[in-house]
1. Can you tell me which of (1) in contact (Cβ under 8 Å) with a residue 40 or more places away in the chain; (2) hydrophobic (A, V, I, L, M, F, W, C); (3) surrounded by fewer than 24 Cβ atoms within 10 Å (Cβ to Cβ) is the one Ala194 doesn't meet?
2. Residue under question is Phe224, and the condition is that it be in contact (Cβ under 8 Å) with a residue 12 or more places away in the chain, crowded, with 21+ Cβ neighbours inside 10 Å and aromatic (Phe, Trp, Tyr); does it hold?
3. Collect the residues in region 185-197 that are within 11 Å of the ligand (Cβ to nearest atom) and within 12 Å of Val69 (Cβ to Cβ), keeping them in residue-number order.
4. Name, by its number, the condition in (1) touching a residue at least 60 places away in the same chain (Cβ under 8 Å); (2) buried (at least 24 other Cβ atoms within 10 Å of the Cβ) that does not hold for Asp233.
5. Quick check on Ala65: is it in a loop (DSSP other than H, G, I, E, B) and either surrounded by fewer than 21 Cβ atoms within 10 Å (Cβ to Cβ) or within 15 Å of the ligand (Cβ to nearest atom) (or both)?
6. Applying the selection to region 315-360, what residues are of a type in the set (Ser, Thr, Tyr) and modelled with pLDDT of 95 or more?
7. Residues that are within 22 Å of Ser335 (Cβ to Cβ) and over 16 Å from the mean Cα position of the chain (by Cα): does region 118-126 have at least one?
8. Name the one entry in Asp172, Asp124 that is among the acidic types (Asp, Glu) and closer than 28 Å to Asp211 by Cα.
Amino acid sequence: MERIYNFSAGPAVLPREVLEQARDELVNWQGCGMSVMEMSHRGKEFMGIAAQAEADLRELMAIPANYKVLFLQGGASSQFAMVPMNLLRGKTSADYLNTGEWSKKAIKEAKQYGAVNVVASSEDKNFSYAPTQDHWQLDPNAAYVHYTPNETIGGVEIFWTPDTGDVPLVADMSSTILSRPMDVSQYGLIYAGAQKNIGPAGLTIVIVREDLIGQTVPGTPTMFDYQIHADNDSMYNTPPTFAIYMAGLVFKWIKARGGLKAMEQHNIAKANVLYDCLDASGFFHCPTAKDNRSRMNVPFTLKDAALDEEFLKGAKARGLLQLKGHRSVGGMRASIYNAMPIEGVQLLVEYMKEFEKQHG
Ligand code: PMP
């Protein structure tokens, strides 16, 4: 069977070339007689794979030398706790921007470790936009400022970098990392679950400025201490070896296609195709504010929700899958990460126009 176009929010589509390479190397990696899955994480083969993956990520994102790159487990959800455990550093509160479901989860978890000051919220408009910084109430004594540059469920993306002065900026980049260039030096810490733009689920990447770690709150479990992972090159315990290998292949794939600038151009082109279709339609509706329209996750609704099932059925028949919106918001959501080819988006738009003609 030929591959379908997969619009899942994550785990998400991976580059075909990467999957094919992994297939070719699955049983016998580069003539060593075993699979990457079977290697000791401390053996020279895997140490080489991990070091190359880190080097390629550093190159892609131009990560400065005073930042540690950690390959962890536990998903971005574990970072909701690890961030306050590690970055409160004796302070009593942290600042959080609330732009949707993932911000809310981060806020809820942080409240277990200290006070949370919500600098601004877009809940007043059902999280359909992101408040600009002139509406934020920052606390100069905050331990850090946390925000979610791309809300995967709401499809709200922030394309500018907040200015928080000396207070470290922390970003949950799970669904936007590697989609465009970012100036890492503007951040104290960046984290992301891998299962969107990086690779398979099971790997969580943390990029942290090294002067911010090593001062965990009392009682922090060893595995939740960034310093432990940094001191051990992410090999304090057994890391998610196969996921790191896959991420390494994805980094090479991005590099071969021109890096993050090229990814950005490609992603803008794809997003434009879809948003132009939505704007021209009297049948489909996109709820997000124009300035904050995510290039990665595009939510939209049909004029009549009773047609949702039929829309999904017809989409499936055309090889357009996993378009159902998040259970909390309904409607549709097309996630169009780096590995989604523009042909997939064009096919979706053709189908939408056809569907509108029939039902509009
Ligand atoms: N933050 C964001 C922005 C996400 O999109 C997700 C997952 N969809 C998470 C956090 C949670 O990630 P995980 O499932 O890796 O814990």
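1. Evaluating Ala194 over (1) in contact (Cβ under 8 Å) with a residue 40 or more places away in the chain; (2) hydrophobic (A, V, I, L, M, F, W, C); (3) surrounded by fewer than 24 Cβ atoms within 10 Å (Cβ to Cβ) leaves (3) as the failure.
2. no
3. Tyr191, Ala192
4. (2)
5. When the stated conditions are applied, Ala65 passes them.
6. Correct list: Ser335, Tyr337, Tyr351.
7. Scanning region 118-126 turns up at least one residue that is within 22 Å of Ser335 (Cβ to Cβ) and over 16 Å from the mean Cα position of the chain (by Cα).
8. Being among the acidic types (Asp, Glu) and closer than 28 Å to Asp211 by Cα holds for just one of Asp172, Asp124, which is Asp172.
The values are calculated or read from the model by the stated rules, or taken from the named source; none is laboratory data. Being a predicted model, the structure only gives us computed values, none of them experimental. When we count neighbours, we look across all protein chains shown, and the Cβ atoms used for this are built from the backbone with ideal geometry, even at glycine.
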